[in-house]
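Have a look at the structure below, then the notes.
The values are calculated or read from the model by the stated rules, or taken from the named source; none is laboratory data. Because the structure is predicted, anything quoted here is derived from the model rather than measured. Because the Cβ atoms are built from the backbone with ideal geometry, glycine has one as well, and the counts that use them run over all protein chains shown. When the accessible area is computed, the model is the full protein with side chains, heavy atoms only, and any ligands, DNA or RNA have been set aside. Shrake-Rupley method; radii C 1.70, N 1.55, O 1.52, S 1.80 Å.
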Amino acid sequence: MRWLLRIVGLLVIVVIGMVALVLLLPGDRMAQLAAERLSAATGRAVTLDGEARISLYPVLGVSTGRVTIANADWAGDTPMFQADSLKIGVEPRAFFGGDIRITGLEAIAPRVDLRRDAQGRVNWELGVEGVAPSGQAADPAEAPVDPALPRSRRLGLTLDRAYIENATVAYEDAQSGVQFSQSGVDFDLRWPDPEGEAVFDLQVRQEPGPVHLEGTLDNVIALIDGAVSGVEGRLSTPSGEIGFAGRVSTVPEVDGRVTGDVTDMKGFFESLIALAGASDPLPADLFGLGLALETAITLTGGDQLALRETALTLGDTALTGGLDADLSGDKPVVRAQINAGRLDLSGGGGGGSSADGGSGASEGGATPDGWSKDPIDASALAALDGTFALVADSVDLGDLTLGKTRIAATLERSRLVLTVQEVRAYAGLVTGEFVLNNRSGLSVGGNLVARDIDLQPFLTQTIDVSRFSGQGAGELTFLGVGQSVHAIMNSLSGKGGFRTGRGVISGIDLDRIMRGGRVGGGTTVFDSLSASFTMDAGQLYNNDLSMSLPLASASGAGRVGLGPRDIDYTVTPRLLDDAGAGGLAIPVNIRGPWANPRIKPDLEAAIDLNLAAEREALEQQAREELDKTLENELGIEREDGQSLEDAAKDTLGKELEKGLRSLFD
């Protein structure tokens, strides 16, 4: 019992002595000890200025004035971390060596300066550079002899809880050129075991909406040392959230699954973009949709990205497929396979926007005054290179509605080539090639072949002409240049042709016009229709239109203004007699804008056409009567097949010869 009492007494004396030592230790000295231990642990000079105050309860710690943590030696003179004041709670053994166990840390209005240099070094990797506790560089004799040897040291630091409020974070990346500064940052970190899990909670208070990032790291030390650590995290805004579960390293390498549930992409991405200091709103027609995402993601070596088992829903459009991307070059090189049910590329996406993106344009990207003159921004073609394959059950392009679609695409240096392997459209089939080139100004071109196309819905959606119905086939080669739909349509050049079987022209009855001369409503049924055409400067020219009707035929020639959206065309129907020979012909002029052309017969041309034979007969009869009169009056005798003119020359020559001879007789 006596020895037990002695041991207890000795322990009491030791405890009292330690408490007394702490009580007698000046605050400035305690702060200096904390700064030295932090400097040794982080490899950076830590400076605590101002009056330091010691607290014993509820946590042993110290509060200071201004605090700074030096930057990496290559990152400049600006401190990596600085704050107006700092409160630190520690375990007493931290002052006598060993790892630092911080039981609490609170920074007031700190500023954090994060940088990545052109070689990829980051200044927030602590415990790497040898810095003496005093802040001076470590003795060069202690540095590794071989520069290839690692200089990294394990960061002997844990945090029961660190809380930072209203921080300002600045970031500069010399590799990508990204640079921004963000204030209103709150950060809460719990890391009680240096070999264990860390829980973090980061929130940025900003407009148009706060951004919240929370999650866990399985092993912080392993991650800092470049090893792999398990990670779970969630990034959320008022418009939705994106989550990740898997493994990561600082190489960087990633292996895990990404899930997303966003009710409004526009609001979600505007909140993220605001982190970089941007404020321009995103277009609602492209981003005003909901998003659901699930994919397996793998990032190897920091530049080889793969997405597998991907399921993406944008509005009413559901996509599945996979992607491989090489990020090592100046821009990504992507290979992707996309499968879709109904693919909506109209710009509305089921969100209620018009096909023209809400600009008030009507069909075909046109306004009431003509084609839209809004600039087309095709700069996205320069964002990446790659090959893509698309298979869709249907595609809505706003101006065109397609059925089963199989397209292979190649994008290289701002030039996109779409190889149309199969497009089922308007009950027919379309194949060919379409090119979108933005290397030196925007141009569009293509070479397309169509078979068995239902003309009425096709012409209605493309050029707002609804009078024709029937099935047709054709081919088209075209090229247009310009930065707007108006410029492209007014520059179109190329050639093509089409052929149809039996069909109907509504709004005009050619039979009534030809038989009764009356213009009005009705329909014209035709057996076949064919034409070829050329295009130049937005004008389409045709001179070989041929139409076959049950009791008539028709030809046509003229101009169709693809740019100005007008027409100046003449159709000439001709009645057929019982033997199928040509009879009465009445030209019909079609002139004016596409939306309301004027259709009327050209009676003067009809008279010229139908009386041409009678006029020629009368002229022939008059010539014969004149020839007989001249023969009688002049005594001209014509041989068989000889013209009156030749006979008159012969007679006159003989008379002159007789007169000349009489002069010498």
- Item | Cα pair distances exceeding 23 angstrom across region 368-512, given as percent | 44
- Message: Quick check: with the 1.4 Å probe, what order do Glu253, Glu309 take by accessible area, largest first?
- Response: Glu309, Glu253
- Between Val481 and Asp255, how many nm apart are label points set 7 Å from Cα along the C-beta direction? 5.3
- One finds the C-alpha centres of region 291-313 and region 427-483 to be spaced, in Å, by 35
- Note on the structure: Using the Kirkwood radius over Cα pairs of region 270-346, the Stokes-Einstein translational diffusion coefficient at 10 °C and 1.306 mPa s, in µm²/s and rounded to a whole number, is 109
- Could you tell me whether region 371-416 comes out rounded, prolate or oblate from its Cα gyration tensor? Rule is a ≥ b ≥ c as square roots of the eigenvalues, rounded for a/c under 1.5, then prolate if a/b exceeds b/c, otherwise oblate. oblate
- Rg to Rh for region 156-204: what is it, with Cα atoms only and Rh by Kirkwood? 1.11
- Task: Run the numbers on region 189-276 and let me know its relative contact order in percent, using alpha-carbon pairs under 8 Å that are six or more apart.
- Result: 22
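Rounded, prolate or oblate: which fits region 173-328, taking a ≥ b ≥ c as square roots of the Cα gyration tensor eigenvalues, rounded meaning a/c under 1.5, else prolate when a/b beats b/c?
Taking the square roots of the gyration eigenvalues as a ≥ b ≥ c, region 173-328 is oblate.
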- Label-point separation, Asp536 to Tyr163 (7 Å along Cα→Cβ), nm: 8.0
- Note on the structure: So, relative contact order of region 469-510 in percent, Cα under 8 Å, 6 or more apart, is 49
